[in-house]
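The values are calculated or read from the model by the stated rules, or taken from the named source; none is laboratory data. Predicted model only: the values in this text are computed from it and were never measured. Backbone-built Cβ (ideal geometry, glycine too); neighbour counts: all protein chains shown.
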Amino acid sequence: MPHDARSSAPRTLASALCAALFFASVLVGACSGGHRSGAGGASAGEPSTLTIAGSDTMVILAQRFAEAYMRAHPGTTIQVSGGGSGTGIAALVNGTTTIADASRAMKDDEKARVRTQRHADAHETRVALDAVAIYVHVSNPLQQLTIAQLASIYRGQVTNWRDVGGADRQIILYSRENNSGTYVYFKEHVLADADFATHAQTLPGTAAVINAVSRDPGGIGYGGIAFATGVRPVALVGSAGTPIEPTLATATSGAYPLARFLFMYTAGEPAGTAKEFLEWVTSPEGQALVEPVGYFPVPRGGA
């Protein structure tokens, strides 16, 4: 799948945008921050600040949104940080971020905590479509896997590539930390909530997983499709028994087995600057930024 051209830019964008955000606002650490924040509005004539925290899968996309929005709205400052979907949702519950990025849907207990602590219902906005890709080293000859095979690999039941049609080589598992929305999504949709193998190496962010797999001929990892640099996505066998590549067409149609939406959450209906920002993100102008980052726009009528 031709992602190299459009997925190399986000790496340089991340560094450039961190510098831009540093000079635009006072941030804690590199591209991190957050203060107690409400709905994101501001009094007439006053500068307005939004904080966005959460999914590492989405951090480059959120930064791209922030950069373009601040350029068009000079009076607005947007601070973006990662840390994982669970971290962003916890910040939303605590009132320390305006918007939580999540690469999975919020759970019922998380929504209940928002209702209890923020006295409002969690409000969900779909901002992009993703395909959770299964990555292997570029030298790995394996072309496809079933979900059952993938589950057996990550449960530790299959430990050699030859057992799933590959070369005679030990499988090295790379995974995400448990505060990651991608970790939760994979655990639910691939492992059916079973535990990961104890020898799976957990890494902080999809970029770290991709980097590890790119250096390890026996490695396998998973993550958002935007990170496919220096590795190769493996086709997954769909319900009809045919191998499905993670593409815009297969993700949008639902044919790819691990297609998912990416979300932004607020406590209550967004208001003020938060409302204006999210409306812009889901507008044709905002959605035009999604595919250059490496993800897919929300299907029309899907937001």
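Among the residues of the range 239-251, is there at least one that is under 12 Å from residue 135 (Cα atoms), of a type outside the set (Lys, Arg) and in contact with a Phe, Trp or Tyr (Cβ under 7 Å, 6 or more places away or on another chain)? Within the range 239-251, one or more residues are under 12 Å from residue 135 (Cα atoms), of a type outside the set (Lys, Arg) and in contact with a Phe, Trp or Tyr (Cβ under 7 Å, 6 or more places away or on another chain).
Out of 135, 69, one residue alone is in the same structural domain as residue 232 (by TED's automatic domain parsing) and among the hydroxyl-bearing types (Ser, Thr, Tyr). It is 135. If the condition is being closer than 15 Å to residue 265 by Cβ and assigned to a strand (DSSP E or B), then the range 44-79 contributes 50, 51, 52, 53, 54.
Residue-by-condition table, conditions (1) surrounded by fewer than 22 Cβ atoms within 10 Å (Cβ to Cβ); (2) of a type outside the set (D, E, K, R); (3) within 28 Å of residue 106 (Cα to Cα):
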residue	(1), (2), (3)
169	yes, no, no
184	yes, yes, yes
187	yes, no, yes
198	yes, yes, yes
203	yes, yes, yes
215	yes, no, no
223	no, yes, yes
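Considering (1) over 20 Å from residue 245 (Cα atoms); (2) touching a helix residue (DSSP H, G or I) at 6+ places or on another chain (Cβ under 6 Å); (3) of a type outside the set (Lys, Arg); (4) in a strand (DSSP E or B), the lone condition that residue 167 does not fulfil carries the number (4).
When 77, 98 are checked against the criterion of being of a type outside the set (Phe, Trp, Tyr), under 17 Å from residue 49 (Cβ atoms) and either surrounded by fewer than 22 Cβ atoms within 10 Å (Cβ to Cβ) or assigned by TED's automatic domain parsing to the domain that holds residue 203 (or both), a single residue qualifies: 77.
For residue 240, the requirement of being free of Cβ contacts under 8 Å to residues at least 24 places away in the same chain, part of a loop (DSSP other than H, G, I, E, B), over 30 Å from residue 92 (Cα atoms) and not assigned by TED's automatic domain parsing to the domain that holds residue 118 is met.
Does residue 271 satisfy the condition of being of a type in the set (A, V, I, L, M) and in contact with a strand residue (DSSP E or B) (Cβ under 9 Å, 6 or more places away or on another chain)? So residue 271 does not fit the description; no.
Entry remark, the range 116-152: residues being touching a Leu at 6+ places or on another chain (Cβ under 7 Å) and outside any strand (DSSP E or B) number 2 in total.
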